[in-house]
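Okay, structure first, notes after.
Rule-based calculations on the coordinates, nothing more; no lab input. All values derive from a computational prediction rather than experimental measurement. Cβ sites come from the backbone with ideal geometry, for glycine too, and all protein chains shown count toward neighbours.
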Amino acid sequence: MSETIQGLKRSHYCGTLNKSHVGQEVTVMGWVYRRRDHGGVIFVDLRDREGLVQVVLNPDMGDEFFQKAETVRNEFVLAVVGKVRPRPEGSTNSNLKTGEIEIVAHELRILSTAKTTPFYITDDVDVDENIRLKYRYLDLRRPIMQKNLVLRHNTVKAIRDYFSDHGFLEIETPILTKSSPEGARDYLVPSRLKRGAFYALPQSPQLFKQLLMVAGYDRYFQVARCFRDEDLRADRQPEFTQLDAEMSFVEREDVLNIMEDMIAQVFKSALNMEIKTPFPRLSYQEAMDRFGVDKPDMRFGLELVDVSEEIKDSSFKVFAQIISQGGQVKGINAKGCGKFSRKDIDDLTKYVGIYGAKGLAYIIMTEDGIKSPIAKFFTEEQLNKIVSKMQGKSGDLLLFVADEPSVVAASLGHLRLELGKRLNLINEEELNFLWVVDFPLFEYDKEEKRWTAMHHPFTSPVEEDIPLMESDPGKVRARAYDMILNGVEIGGGSIRIHRRYVQEKMFEALGLSTDEAQEKFGYLMDAFEYGVPPHGGIAFGIDRLVMLMAKRNTIRDVIAFPKTQSAVDLMSQAPSEVSAKQLKELNIKVDNS
RNA sequence: GGAGCUGUGGUGUAGUGGCCUAACAUGCCUGCCUGUCACGCAGGAGAUCGCGAGUUCGACUCUCGUCAGCUCCGCCA
């Protein structure tokens, strides 16, 4: 039995009512959060997106009214007309924003009944994510989720306001685009009109925004949906939203300055938080050396210490050999962890194993000196040097990984984060912004045995490194930059190449012939023949940014309708099979072998 | 492609070879109850223990496979 809304107009959101409304006649509409039926009087907590208000349903409003009131259940949608009054002495509820008042209903309409929901619509339920995602519309009713999406709205609005106020134009770029072999795996869309041909969904608007620079729209931004057909993570969805921006006639500092100012403004508008600018800048090399990752979380210490020099002459063959083969030995001083059990250390060993470390050597610092299975390989002098370099004190646990630099960095970098979490060293209230700059322009692909672009092939090298592009590609620094917040990369970009001879050197270093470059990036290359301004830009991951702002652990909590780890939408069941007719129109046959 | 964790009434959990004819909380239904706010009280319904094989006299429990969710490695210019 559902009634119409006819003749009724909502006057207030439930959650906004307070003492100032006492005496007013109000009309509220919302969902039944909870009902308390006392036989005589029935209390209903009515919920809308602004919060809860208590509605009092009294039998003296008539039999018809009260019989209807008795049928009300959780999550029914009601319209209530009534008078706001202060709650009686002693029955106020300080846990509720609206706890000083209540609405005495004189008209009640059940706009919609509801089945019993599969889970309770409240913040403090820990329901299996399977069920949350299947009934996402119910999950999204929960106040915490509504808060997340409101924050997301406010964030995006602040972003749009900031860029508009600073002369940027929001310009849309195509969703159906050309597949490019570089980068992530493309999502493909078959063309009906051109048999056997496919569009690709954009991984980012990268080339289009550079073309907009060529076209003279010298400050561009876009809140752009991007698609990458790669495996998912807590902070990676197959479709995600980028804040994409590009500027002409700028150098690196111009981009960094305006972007950190923008972020500070966004935090101010959306969270009323003051962010100090400028952000600290760290070179890629320093980040790797000290933290083992290119997106360090600097809210705590436990930095990596290189002890290769101190260890190379020891009689510990395993370490000495690794060093002689170009490897290194680095360590972390896990302050105060000297009491870790054998099992604790085994767990950590297993943990670094994930990142390729073959072992985890350790030294326990005790009152009576050093306890360590590897101590016997070192002279007392060598041990003293290692301990002093790592500032080891009694009660500490020194942990070491010896391997090639990339493995040492990855394993100790992640071990550092794990220890930071376990030891509760991270202040969750702190916002640690920084820029990582001077990334390498190239990285070596061991499988393909060639240099590839670390960022993308249009990233400009640092001017004085250009001569190295031929002689020593690994040493060339890029004019690229990442913005890091609490150890999460929230944005990245670069100053682009705008000079032809640099671009040619770039393709040469990547092993691309002129013809190949023309085939892959022809339209951009053509455009660059017609007057291209120096330009650079950045793209932010809005999902990640909002996730951090909302203090959530996964971007799924700030995306209305996310997909599971196997890229399925449990609510709509996408992706799904399509009809034979649809396939035929597209000239597609499915190979089920 | 790989590793780990999880899967038991609607929901959250307990049960680790026979004591299970599966327990507890909550939700749901019925009745009572006029000041509750996690209302209360009484009663009731609700589960072939993710699915499929196997081991066993006997499997929620052990083994293998499989499916789903999560976390991670690879991947993500």
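Numbers below:
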item: Cross-link pairs beyond the 29 Å C-alpha cut-off, checked among A:295/A:335; A:178/A:475; A:343/A:389; result: A:178/A:475
item: Ordering of A:305-313, A:522-530 by packing [mean C-beta count within 10 Å, highest first]; result: A:305-313, A:522-530
item: Three-way shape label, the range A:184-242, alpha-carbon gyration tensor, a/c 1.5; result: oblate
item: Potential lengthening between residue A:471 and residue A:308 on full extension [0.36 nm per residue; Cα-Cα distance subtracted]; result: 55.9 nm
item: Between 0 and 90°, nearest 10: helix A:252-271 axis offset from chain A longest Cα axis; result: 30 degrees
item: Span from the the range A:347-395 Cα centroid across to the the range A:140-180 one, whole angstrom; result: 49 Å
item: Cα gyration tensor shape for chain A, rounded if a/c is under 1.5, else prolate or oblate; result: oblate
item: Stretchable slack from residue A:93 to residue A:391, in nm (0.36 nm times residue separation minus alpha-carbon distance); result: 101.8 nm
item: Residue-averaged 222 nm ellipticity for chain A, from DSSP H runs of 4+ at -39500 (n - 2.57), nearest 500; result: -8500 deg cm²/dmol
item: Angle between chain A longest axis and helix A:380-389 axis [Cα atoms, degrees, rounded to 10]; result: 40 degrees
item: Relative contact order %, chain A, counting alpha carbon pairs below 8 Å whose residues are six or more apart; result: 13 percent
item: Net charge of Cβ neighbours under 14 Å - reference residue A:65; Lys, Arg +1; Asp, Glu -1; result: -4
item: Proximal charge balance of residue A:96 [Cβ under 12 Å; K/R count +1, D/E count -1]; result: +1
item: Cα gyration tensor shape for the range A:300-422, rounded if a/c is under 1.5, else prolate or oblate; result: oblate
item: Cβ-Cβ FRET estimate between residue A:423 and residue A:127, R0 fixed at 41 Å, reported to 0.05; result: 0.85
item: The range A:232-267 and the range A:446-487: distance between their alpha carbon centers, rounded to Å; result: 20 Å
item: Relative contact order (percent, whole number), the range A:465-593, Cα cutoff 8 Å, 6+ residue spacing; result: 18 percent
item: Folded to 0 to 90 degrees: helix A:514-527 orientation relative to chain A principal axis, Cα; result: 50 degrees
item: Per-residue Cβ neighbour rank within 10 angstrom, fewest leading, A:131, A:354; result: A:354, A:131
item: Filtered trypsin sites (Lys or Arg not before Pro), the range A:349-447: DSSP coil and at most 12 other beta carbons within 10 Å; result: A:393, A:446
item: Where a label projected 7 Å from the Cα of residue A:406 along Cα→Cβ would reach, residues of the range A:443-472 with amide N under 17 Å; result: A:443-456
item: Net +/- balance of residues flanking residue A:420 in space, Cβ distance below 10 Å, scoring K and R +1, D and E -1; result: +2
item: Length added when fully stretched, residue A:43-residue A:552, from 0.36 nm per residue minus Cα-Cα; result: 179.9 nm
item: Label-point separation in nm, residue A:589 to residue A:169, each point 7 Å along Cα→Cβ; result: 4.9 nm
item: Order of A:42, A:171 - criterion: other Cβ atoms within 10 Å of each residue's Cβ, fewest first; result: A:171, A:42
item: Residue A:376-residue A:11 pseudo-label distance in nm [points 7 Å out on the Cα-to-Cβ vector]; result: 8.7 nm
